[in-house]
Amino acid sequence: MFHGLTLLIPDKADAERDAVARAWEAGSGTVLRLGRFWSPPDVDRARVRLYGNDTFCLVLAQKLGLSLVSPPDDLLLKVNASFVKREMHGATLEVAASEAFPRFIKPLVPKVFRAAVWPGPEALAEECRGLAPETPVLSSEVVSLRAEARGWVLDGRVRTCAVYEGKGSITDAEAFLSAVAREAPLPRTCVLDAALVEGRGWALLEANAAWGAGLNGCDATEAAHCIAEATAAP
């Protein structure tokens, strides 16, 4: 399955990453565990795939001249509202701070600040100290979540799915994520998270890049197929 492909991962032990590594090797692929990833070994970049945290993958991609496949940051603003099932809009940090609280606010570009339910503008301002008022954010009403599920998507199909928090039907979660995978403007591969919203059903929570997502209970071999398509030479 992965014959001739080399997977680069951090050398730090991690149960989920190690499971992917075992699946990769079981599929006749090669795994290299790197410590000094900022100084990568001489590898055939056309046959290299990356899997790890953001810093690890982004630095290696730059050093090796690779492209990483990621979903658009504003995906939740592009999909049908029936998939989101809550009021959500794009705004700037300045505008979001003037809205009614409590409010769930997250940066449009991941990890610029902590995504959370903010009780008021003061707490948000403290978290975002130093950020420009024009920083783009996603602003959403606060909803109650009963469960969360993850699905790994490749070519419009959910390859593996698991409920990783709370209690909910895995069958219903997979059916919902499959509908999103068929209809949403997704890249060839990515990871979708859904939440079971109280009184509303399964809703799209966020999308993540396959090269950096944890398994969260999903099948490592199926996830590895997605990871294999998440890196490409430009």
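The values are calculated or read from the model by the stated rules, or taken from the named source; none is laboratory data. All figures in this text were calculated on a predicted structure; none of them were measured in a lab. Quick reminder, even Gly has a Cβ in these numbers, built from the backbone with ideal geometry, and neighbours come from all protein chains shown. These area figures cover heavy atoms from the full protein model, side chains too; ligands, DNA and RNA do not enter into them. Shrake-Rupley method; radii C 1.70, N 1.55, O 1.52, S 1.80 Å.
Would you confirm whether any residue within the stretch 133-151 is free of Cβ contacts under 8 Å to residues at least 24 places away in the same chain and under 16 Å from the mean Cα position of the chain (by Cα)?
Taking every residue of the stretch 133-151 in turn, none turns out to be free of Cβ contacts under 8 Å to residues at least 24 places away in the same chain and under 16 Å from the mean Cα position of the chain (by Cα).
Tally the residues that are of a type in the set (Lys, Arg) and open to solvent by less than 60 Å² (accessible area, probe 1.4 Å), restricting the search to the stretch 106-127.
Within the stretch 106-127, residues that are of a type in the set (Lys, Arg) and open to solvent by less than 60 Å² (accessible area, probe 1.4 Å) number 1.
Scan the stretch 183-212 and report the pairs whose first residue is in contact (Cβ under 8 Å) with a residue 12 or more places away in the chain and among the acidic types (Asp, Glu) and whose second residue is open to solvent by less than 40 Å² (accessible area, probe 1.4 Å) and assigned to a strand (DSSP E or B), with Cβ atoms within less than 6 Å and a gap of 6+ or a chain change.
Asp193/Arg150; Glu206/Asp193
If you take the residues in the stretch 128-153 that are within 18 Å of Val197 (Cβ to Cβ) and not small (Gly, Ala, Ser), which one is surrounded by the most Cβ atoms within 10 Å (Cβ to Cβ)?
That would be Arg150.
Any idea which residue in the stretch 38-61 is least open to solvent (accessible area, probe 1.4 Å), counting only those that are out of contact with any Gly (no Cβ under 8 Å at 6 or more places or on another chain) and among the aromatic types (Phe, Trp, Tyr)?
Within the stretch 38-61, the match that is least open to solvent (accessible area, probe 1.4 Å) is Phe56.
Hey, Gly156 hits all of (1) among the small types (Gly, Ala, Ser); (2) touching a helix residue (DSSP H, G or I) at 6+ places or on another chain (Cβ under 8 Å); (3) free of Cβ contacts under 8 Å to residues at least 24 places away in the same chain but one; which does it fall short on?
The one condition Gly156 does not meet is (3).
Can you tell me which of Gly29, Gly65 is loosely packed, with under 14 Cβ neighbours inside 10 Å and either over 30 Å from Leu145 (Cβ atoms) or in contact with a strand residue (DSSP E or B) (Cβ under 6 Å, 6 or more places away or on another chain) (or both)?
On the way: Gly29 fails: loosely packed, with under 14 Cβ neighbours inside 10 Å.
Every option except Gly65 fails the conditions.
So which helices (runs of 4 or more DSSP H) stay within the stretch 1-117 end to end and still have 2 or more residues that are farther than 30 Å from Pro133 by Cβ, touching a residue at least 60 places away in the same chain (Cβ under 8 Å) and not β-branched (Val, Ile, Thr)? Don't jump to the end; show me each part of the working.
Numbers: elements: 15-26, 54-64, 75-78, 81-84, 93-96.
It comes to 15-26, 54-64.
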